[in-house]
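Each value in this text was obtained by applying a stated rule to the coordinates, not by laboratory testing. Not measured: the values here are computed from a predicted model. A quick note on method: Cβ atoms are made from the backbone with ideal geometry, for glycine too, and the neighbour counts reach across all protein chains shown.
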Amino acid sequence: MVKVMDNSVELKVPTSTDYVSVVRLLISGLGNRLGLPLNELENLKLVIGEAFITVAEKCSGANGLINLKWQQDESHISVSISDPSGKHKSVTSAANLAVLKTLGGEYNSSVVDGVEHLDIDFDIKYREDRPFIFDDRQDGRA
């Protein structure tokens, strides 16, 4: 089994969808460092990018920064996206987050230090010492 050390990375960007490419680039680098296959990496960038866009659209006109926090350990990835607008309840019911459930991620909302967050969680699985998060194949079949 590949050993993944505990990691935490934070990125703060303005409340604008214009920064989705920056978010996707960060996620791409972190997923690549983890050793995810290309299709898994693309799915991860899609899911986190859509979540970021959802929050940024709800924050339109709000002051402050969106804080994205990536945390990983040997078996789990958690991404938290702050919502400085305070509209997290409408964020978690947004239609474009349905892609999370389709690809296997789970999401919910939380409040940390008075700021609402969209929390996204993925389990890291291993097959032949290679991590994956979206593929549900248990027996190594192609």
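For region 1-81, the gyration tensor built on C-alpha atoms gives a prolate shape. Its axis ratio a/c (a ≥ b ≥ c) is at least 1.5, and a/b is the larger of a/b and b/c.
Calculate, in nm to one decimal, what Ser78 and Asp121 gain on full extension: separation in residues at 0.36 nm each, minus their alpha carbon distance.
15.0 nm
Counting only other residues whose beta carbon sits under 13 Å from that of Asp119, what net charge do I get with K and R as +1, D and E as -1? Around Asp119, the charge tally is -3. Working note: Karplus 6.51/-1.76/1.60 with θ = phi - 60° gives region 119-134 the couplings 10, 10, 10, 9, 8, 8, 10, 10, 9, 6, 6, 10, x, 8, 10, 9 Hz, where Gly and Pro are set to x.
Whole-Hz Karplus values for region 24-38 come out as 5, 5, 4, 4, 4, x, 5, x, 5, 4, 6, x, 5, x, 4 Hz, taken residue by residue from phi with 6.51 cos²θ - 1.76 cosθ + 1.60 and θ = phi - 60°; glycine and proline positions read x.
With r as the distance between the Cβ atoms of Ser60 and Glu10 and R0 = 25 Å, compute the FRET efficiency 1/(1 + (r/R0)^6) and round to 0.05. Efficiency computed from Cβ-Cβ geometry: 0.65.
Classify region 35-81: rounded, prolate or oblate, from the alpha-carbon gyration tensor (a ≥ b ≥ c, eigenvalue square roots; a/c under 1.5 rounded; otherwise prolate if a/b is larger than b/c)? Here region 35-81 falls in the oblate category.
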